[in-house]
Structures are given as C-alpha cells and as structure tokens.
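Okay, structure first, notes after.
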Amino acid sequence: MEYNKSKQRLEEMKQELIDELENPGLTTAEIERLKMYIANYEYIIELTDMNHYGRGPGI
C-alpha cells in the first residue's frame, strides 16, 4: 500500500479511538485500554514514517 494512504488510514483509526475517549460512560479500564491502543497507533505511524523516509536502523 502507498505510504500516504497507509498513513492516512492509520491516522483515521487513531482518531476513531480518540473520539471514543469522549464517551463519559467509559470505565477507567476502558479509558486505559483506549489510551494504550492510541499509543500503539502512534508507534506504528512513527515506524511507517521511518520506513518511508529510510530513517530506521539498518540490519
């Protein structure tokens, strides 16, 4: 998949989770789970950028 499309889709999925955090009926466990998922998406987005721009460590 093309970099721009991949990154856009990852950003959309992350935003959906951020939007879910606005639900006042969430339990503490659900909030923590959503925050963990958001952090995971941020990491995946960072890796996607590193791969696209060749900034990752060479093996």
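Listed by first and then second residue, the pairs linking a residue in region 42-59 that is assigned to a loop (DSSP other than H, G, I, E, B) to a residue that is open to solvent by less than 100 Å² (accessible area, probe 1.4 Å) and modelled with pLDDT of 85 or more, with Cβ atoms under 7 Å apart and 6 or more places separating them unless they lie on different chains, are 56/50. Being at pLDDT 95 or above, among the polar types (S, T, N, Q) and in a helix (DSSP H, G or I): is that true of residue 4 here? In short, no.
The values are calculated or read from the model by the stated rules, or taken from the named source; none is laboratory data. As the structure is a prediction and not an experimental result, all values here were calculated from the model. Neighbour counts are summed over all protein chains in view; Cβ atoms, including those assigned to glycine, are modelled from backbone coordinates with ideal geometry. Side chains are part of the model used for accessible areas, which takes the heavy atoms of the whole protein and leaves out ligands, DNA and RNA. Shrake-Rupley method; radii C 1.70, N 1.55, O 1.52, S 1.80 Å.
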